[in-house]
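K.L.:
Dumping the structure here so I can ask a few things about it.
Bear in mind that the values in this text are calculations on the coordinates, not laboratory data. None of these values were measured; they are calculated from a predicted model. Reconstructed Cβ throughout: ideal geometry from the backbone, glycine too, with neighbour counts over all protein chains shown.
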Amino acid sequence: MFFHVLTLFPDMIRDGFTTSILGRAAEKGILSLEAVNIRDYTKSRHKKVDDYPYGGGAGMLMQAQPVYDACQAVIEGIQTRKKTAGEEKVRVIYLTPTGQVFSQQLARELAREEDLIFLCGHYEGIDERVLQRIVTDYVSIGDYVLTGGELPAMVMMDAIARNVPGVLGNEESAQTESFDDGLLEYPQYTRPEIWEGERVPEVLLSGDHAKVEEWRLEKSLAKTKEVRPELYESWAESHQEYFVKKAKKEERLR
Ligand SMILES: Nc1nonc1C(=O)NCc1ccc(Cl)cc1
């Protein structure tokens, strides 16, 4: 997986990338990152990348030309690497509150791409004409307004990388299991058995894996029903047999 990030702050991206999972995967050669400074593609003497918005309004906008040329340079680099000229349709993800909300499902889908280009905006926006020309996916990480697209890009790269085969060791990949089934994670415990007078739930010490799995699913369902009822409802719809079995079991115990 090759990550390409178009940004005015490449160091922010490079520093953020050398954290645990992404840094190790890069060492393994499974992931690769290039952070491209949009300012390197300005044609103006003063390296200008922004200008006033037509029609007035507060703040500045990023101009189209430097963004377009930086993106073209990355695409040419991809074509050179892949020895394909012209037919590459690389996905260009523009991070913006106006995009589709990012999810584990989209992370899994994007993890299948060989190359991903992330366009990180700043100021009040980017000239619409270059967005229309290069962006394939408008993606938001949530309904709040940040200063730029760099943090959202790093959030997305982390979540996508965890779905790239080989990035997670066996012991780590279990973590993604829980959300993958559409439920929130169950509560977790580790040593000591008693901490500040609080004991670990007995079932987790029992060594009875079936009972542990049953307990964990119950906790996930309770947490999901409380915090994300819409997720709970959709899970319940596609797991009718779980509730039938549970009712029968409770009937027997009565
Ligand atoms: N929420 C979000 N999810 O994805 N991105 C965001 C976000 O707030 N970006 C800030 C931003 C995006 C584009 C420009 Cl030009 C300026 C600032």
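K.L.:
Just the residues that are within 19 Å of the chain's Cα centre (by Cα) and part of a strand (DSSP E or B), please, taken from the stretch 7-53.
P.N.:
Scanning the stretch 7-53 gives Thr7, Ser32, Leu33, Glu34, Ala35.
K.L.:
Within the stretch 142-171, restricting attention to residues that are under 18 Å from Gly29 (Cα atoms) and of a type in the set (D, E, K, R), which residue is nearest to the ligand (Cβ to nearest atom)?
P.N.:
Per the criteria, the residue is Asp158.
K.L.:
Just give me the residues in the stretch 128-141 being near the ligand (Cβ under 8 Å from one of its atoms) and out of contact with any strand residue (DSSP E or B) (no Cβ under 6 Å at 6 or more places or on another chain), in sequence order.
P.N.:
Ile141
K.L.:
Filter the stretch 115-144 for residues that are in contact with a helix residue (DSSP H, G or I) (Cβ under 8 Å, 6 or more places away or on another chain) and outside any strand (DSSP E or B); which is surrounded by the most Cβ atoms within 10 Å (Cβ to Cβ)?
P.N.:
Of everything passing the filter in the stretch 115-144, Cys120 is surrounded by the most Cβ atoms within 10 Å (Cβ to Cβ).
K.L.:
Next up: Among all residue pairs at least 6 apart or on different chains, which show Cβ distances below 9 Å where the first residue, located in the stretch 196-222, is surrounded by 15 or more Cβ atoms within 10 Å (Cβ to Cβ) and the second is small (Gly, Ala, Ser) and not in a helix (DSSP H, G or I)?
P.N.:
Val212/Ser206
K.L.:
On to the next question. Pairs needed: first member in the stretch 133-146, within 20 Å of Glu88 (Cβ to Cβ); second member anywhere, of a type in the set (Ser, Thr, Tyr) and near the ligand (Cβ under 9 Å from one of its atoms); C-beta distance under 6 Å; at least 6 residues apart or different chains.
P.N.:
Val135/Tyr94
K.L.:
Scan Leu184, Leu231 and give me the residue that is assigned to a loop (DSSP other than H, G, I, E, B) and surrounded by 12 or more Cβ atoms within 10 Å (Cβ to Cβ).
P.N.:
Working: Leu231 fails: assigned to a loop (DSSP other than H, G, I, E, B).
None of the other options fit; the residue is Leu184.
K.L.:
When the stretch 109-127 is examined, which residues are found to be of a type in the set (A, V, I, L, M) and either within 15 Å of the ligand (Cβ to nearest atom) or touching a strand residue (DSSP E or B) at 6+ places or on another chain (Cβ under 9 Å) (or both)?
P.N.:
Across the stretch 109-127, the qualifying residues are Leu110, Leu116, Ile117, Leu119, Ile126.
K.L.:
So in the stretch 85-105, with the set limited to residues that are of a type in the set (A, V, I, L, M, F, W, C) and over 14 Å from Ala153 (Cβ atoms), which one is surrounded by the fewest Cβ atoms within 10 Å (Cβ to Cβ)?
P.N.:
Out of the qualifying residues, it is Ala85.
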